[in-house]
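Please treat every number below as a calculation from the coordinates, not as lab data. Because the structure is predicted, anything quoted here is derived from the model rather than measured. Don't worry about glycine lacking a Cβ; one is built from the backbone with ideal geometry, like all the others, and counts go over all protein chains shown.
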């Protein structure tokens, strides 16, 4: 039932062809893994007769009804580094630090479905061993049971589309919702077949899902899953719509994977991360945004292994700028849209003289959503950067659950992951509020807003706070939602 | 009533706050009321209309 394959080179993956029957597509799988997994993977454990809940959901509802016979079980391939060995007689995994540390040497798994075509099913692969993976990836911690060991792996779910009963859009919805169910305990788990049903008002039956999905169906899937999807479309009547991409990157920065549609390709992917450009000192005046500093977005595309970096422009077969609509599955209490933050952020420079913001034409703006508690946690971990009065203010303000953060950095600060100033905006504000802020501060001064009174009495609702020089050149940039890839 | 008032006044719980000269905020306030808020309302409405069109795009690759 268990077979260990030692890998001295990627060619050794061809042993999968002798170990597995053709219904699992071992030749194609070996080729795909050889091209996509780094040489840090030195051992593959084959687990046969694996009951995969996602495949079973499609087996019970589709494959079992067909004239062609399909197996009910899958095969799972587990990836380990060179310190792990397998004792075939005792069915034990050994590593130098002991079994409790096995997770430190584990790189995830790929399920193979017995469907002959598109056999790669539910997979969680560490970005650390994915050749060429993007630098920053949205991940969750996934628990894996194997041979009585409880292993953990950080990654983002992916799978090939089934082709016959699901298409790219189903696979993208499934990936995002499986991430949600692992990352946030308020969301339940949805299986592959659940997703195909959730897309429609009634069960269309048979092969209807494979005839494609409309963007509205994906929106419906996220609604049915209990999220509050926001659907943003690029304005193609303009020669460019930079605000669309700034919002896209803001949501990714906030830790929300995006369902992204590329109309001209008829294709959908999940956007799960990005690569920054190498910072350079351009000394060219002009305000920029975080989107302008992104070199590539990380896609989970059902035609490839996960985390492929897709260049903003000039990529093949597609570029990130081919995305012309996206859906972000938000929690309930985000009422102030990214479009509003995108307009508000540059206007905050009109408070620049009072707060002490850097010159607008030398600033890079980055905005994203987080929770009030995450903000407090971030500040608590870096107490020494903050005047105690500012720290007390951040701890005292009665935020709603979610806030938008706008960070202002000079080019020099951006290069070293620092910011000059930060604004905290109420994510539950309404569109027409002239002062939707909780706080804006630099290293020298802060403006504090009383959200209870500021809309009716401006003078009574705003206070200033003089801050002591804490002896640093900038505050640490708030990067909490994406995991830096540690290439192995 | 007093308790409610105290609960609501976050400024009382923070030390070192000082009043802000309203003229220093006038430019921001004017920009928000005259330009930014109308623009936000307009762009949000436009995005809704664009989304309505893209809902029917077929995805099947």
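Modelled label positions at residue B:56 and residue A:69, each set 7 Å beyond Cα in the direction of Cβ, lie 4.7 nm from each other. FRET efficiency for the residue B:46 to residue A:466 pair, using the beta carbon distance and R₀ = 60 Å, is estimated at 0.90. Note that the stretch A:262-311 carries a Kirkwood radius of 12.7 Å, evaluated over its alpha carbons pair by pair.
Ordering A:328-339, A:272-283 by mean Cβ neighbour count within 10 Å, with the highest value first, yields A:328-339, A:272-283.
How much length would be gained if the chain were fully extended between residue A:264 and residue A:21, taking 0.36 nm per residue of separation minus their Cα-Cα distance, in nm to one decimal?
Details: separation 243, 0.36 × 243 = 87.48 nm, distance 3.77 nm.
In short, 83.7 nm is gained.
What do the square roots of 5 times the Cα gyration tensor eigenvalues come to for chain A, in whole Å, largest first, as semi-axes of the equivalent ellipsoid? Spell out each step's value before the answer.
Values: eigenvalues 385, 132, 82 Å².
Over the Cα atoms of chain A, the ellipsoid semi-axes are 44, 26, 20 Å.
What Kirkwood hydrodynamic radius, in Å, does the stretch A:275-358 give when the mean of 1/r is taken over all pairs of distinct Cα atoms and then inverted?
Evaluated on the stretch A:275-358, it is 16.2 Å.
Applying D = kT/(6 pi eta Rh) to the stretch B:20-61, where Rh is the Kirkwood radius over alpha-carbon pairs, T corresponds to 20 °C and eta to 1.002 mPa s, the Stokes-Einstein value obtained is 165 µm²/s. Take the Cα of residue B:39, go 7 Å toward its beta carbon, and the backbone nitrogen atoms of the stretch A:283-306 under 15 Å from that spot belong to A:287-289. Packing order of peptides A:416-424, A:459-467, highest average first: A:416-424, A:459-467 (average count of other Cβ atoms within 10 Å over each peptide's residues).
Per residue of A:240-246, other chain Cβ atoms within 10 Å of the residue Cβ number 1 on average.
What FRET efficiency comes out for residue A:401 versus residue A:452 if R0 is 22 angstrom and r is the Cβ-Cβ distance? Round to the nearest 0.05.
Values: r = 17 Å, r/R0 = 0.77.
That gives a FRET efficiency of 0.85.
Working from label points 7 Å from Cα in the Cα-to-Cβ sense, the residue A:479 to residue A:313 distance is 2.5 nm.
The mean count of C-beta atoms from other chains within 10 Å of the C-beta of residues in B:20-33, rounded to a whole number, is 5. With the cut-off at under 12 Å, measuring from each backbone N in the stretch A:374-413 to a point 7 Å along the Cα-to-Cβ line of residue A:333 picks out A:374, A:398-403.
Placing R0 at 30 angstrom, the Cβ-Cβ distance between residue B:27 and residue A:430 gives a FRET efficiency of 0.85 after rounding to 0.05.
Between residue A:444 and residue A:353, the simple spin-label model (points 7 angstrom out along Cα→Cβ) gives 1.3 nm.
On a per residue basis, the convex hull of the C-alpha atoms belonging to the stretch A:92-146 measures out at 137 Å³. Among the residues of A:184-191, the average count of other protein chain beta-carbon atoms within 10 Å of the residue beta-carbon is 0.
Using only the C-alpha atoms, the convex hull of the stretch A:2-166 corresponds to 120 Å³ per residue. Above 21 angstrom, tally the Cα pairs of the stretch A:93-188 and express them as a % of all pairs, no decimals. Distances greater than 21 Å cover 41 percent of the Cα pairs. Starting from the Cα of residue A:415, step 7 Å toward the Cβ, then list every residue of the stretch A:450-488 with an amide N under 20 Å from that point. From the stretch A:450-488, the list is A:472-478. P(r) tail, the stretch A:345-477: Cα-Cα pairs separated by more than 21 Å, 36% of all pairs.
Can you tell me how the stretch A:168-275 classifies by the Cα gyration tensor, rounded, prolate or oblate, using a/c under 1.5 as the rounded cut?
Details: a/c = 2.18, a/b = 1.30, b/c = 1.68.
Verdict is oblate for the stretch A:168-275.
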